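This report concerns only the one structure given below.
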Amino acid sequence: MRAQAVAGLRALDLADAERLWPLLDDPTTVVRETTVALLPSTKQLPIGRLLERTGAEYPRHVRVAAFRLLDAHGGVVALRAAVGLLEDSDVKLRTWARQSVQRWHPSAQVRCGDAEVGELLDRGRHLFSDHALRRRKREAGLDG
């Protein structure tokens, strides 16, 4: 019933991020609909709380929803979330995280030379050739 209500709010363009937030801890179908409804509002969501929900103590559907929203947010936030899930117990989520790291490029919002970006890319080093990793770091304003 709640999933249908969220879908209705989304169809009417009445999805309020603050009111929908608690539904990210509901059963699978509700979380799926809530995630789709929140995608346009990713910049308004509490990043720290979403990152928490990618932790192993949360059910798979909650981790997937949180990662989907963080990935849509982009920038360092998306990279941080993806690198954090590289060792997730779920094969599909781990694969999605690996793909996200590999296709990540710094956006205009990423501070040039951000040390955290370098550390995150180094943690995902095994996903790149040496050349590709150097190129990605250079794009982020990091030398070598």
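The values are calculated or read from the model by the stated rules, or taken from the named source; none is laboratory data. The structure displayed is predicted, hence computed values, not measured ones. Cβ coordinates were reconstructed from backbone atoms using ideal geometry, including for glycine residues, and neighbour counts include every protein chain displayed. Ligands, DNA and RNA are stripped out before the accessible areas are found, and what is left, the full protein with its side chains, is counted by its heavy atoms. Shrake-Rupley method; radii C 1.70, N 1.55, O 1.52, S 1.80 Å.
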Review point. What is the sum of charges around Asp71, taking Lys and Arg as +1, Asp and Glu as -1, for the other residues whose C-beta is under 11 Å from the C-beta of Asp71?
Key: +3
Revision key, fill the gap. Computed ³J(HN,Hα) along region 76-91: with the Karplus parameters 6.51/-1.76/1.60, θ = phi - 60°, integer Hz and x for glycine or proline, the list is 5, 4, 5, 5, 4, 5, 5, 5, x, 9, 4, 10, 4, 6, 8, 4
**Study point:** Relative contact order of region 80-144, defined on C-alpha pairs under 8 angstrom at six or more residues apart (%)
**Key:** 33
Point to revise | Accessible area (Å², per residue) of region 36-129, counting only protein heavy atoms and a probe of 1.4 Å | key: 50
Exercise for review: Treat each spin label as a single point 7 Å out from the Cα along the C-beta direction, and report the Leu39 to Glu139 distance in nm.
Suggested key: 2.2
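Checking the a/c ratio against 1.5 first, then a/b against b/c, what shape does the Cα gyration tensor give for region 17-101?
Numbers: a/c = 1.84, a/b = 1.27, b/c = 1.45.
Cα axes put region 17-101 in the oblate bin.
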Study note, to complete from the structure: Labelled set (i) 103; (ii) 132; (iii) 148; volume of the Cα convex hull per residue in Å³ computed from this model equals the value at (i)
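Relative contact order of the chain: what whole-number percent is it, with Cα pairs under 8 angstrom and at least 6 residues apart?
Computed value for the chain: 16 percent relative contact order.
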Check your understanding: Does region 70-110 classify as rounded, prolate or oblate by the C-alpha gyration tensor (a ≥ b ≥ c root eigenvalues; a/c under 1.5 gives rounded; else a/b over b/c gives prolate, otherwise oblate)?
Key -> prolate
Review point. So how much slack lies between Asp90 and Glu116, counting 0.36 nm per residue of separation and subtracting their Cα-Cα distance, in nm?
Key: 6.8 nm
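Using a probe of 1.4 angstrom, how much of the accessible area of the chain is carbon and sulfur, in percent?
Details: 4020 of 7980 Å².
Solvent-exposed carbon and sulfur of the chain make up 50 percent of the total.
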